[in-house]
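The structure appears right after this line, and notes come after that.
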Amino acid sequence: MNNPIELSLEQQFNLRSFETQVEKMTREQAQHFLLKLYEQMMLREATYKHLLKHQWGIEPHFQGE
């Protein structure tokens, strides 16, 4: 894995568009946005962990499943 992962052209465009939106935010809007973004990142990580545990069969099974 010596090749770094690069953004697609569409992702680069979306990033530039996002950058333009962020530049127009107030400080308070940016702080609120960052907090919500961080929360979503944590939820995504927890979801990935749950799905991987389930897929790999290492998740404890509860009664009723």
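The values are calculated or read from the model by the stated rules, or taken from the named source; none is laboratory data. Keep in mind it's a predicted model, so treat the numbers as computed, not measured. Cβ atoms come from the backbone with ideal geometry, glycine included; neighbour counts cover every protein chain shown. Heads up: the accessible areas ignore ligands, DNA and RNA and are worked out on the full protein's heavy atoms, side chains in. Shrake-Rupley method; radii C 1.70, N 1.55, O 1.52, S 1.80 Å.
Heavy atoms only, probe 1.4 Å: what % of the accessible area of the chain goes to carbon and sulfur, would you let me know? Could you put the intermediate results ahead of the total?
Values: 4040 of 6880 Å².
Answer for the chain: carbon and sulfur cover 59 percent of the accessible area.
Please name whichever of L43, Q29, N14 sits farthest to the positive end of the charge dipole of the chain, dipole taken about the Cα centre and charges placed at Cβ: Lys and Arg +1, Asp and Glu -1.
Most positive-ward Cα: Q29.
Taking a probe of 1.4 Å, how large is the accessible area per residue of the range 1-40, in Å²?
105
If you build the Cα gyration tensor of the chain and take the root of 5 times each eigenvalue, what three semi-axes come out, in whole angstrom, biggest first?
Its equivalent ellipsoid spans semi-axes of 34, 21, 9 Å.
Determine, from the Cβ-Cβ distance of L37 and E59 and an R0 of 35 Å, the FRET efficiency 1/(1 + (r/R0)^6), rounded to the nearest 0.05.
For L37 and E59, the calculated efficiency is 0.80.
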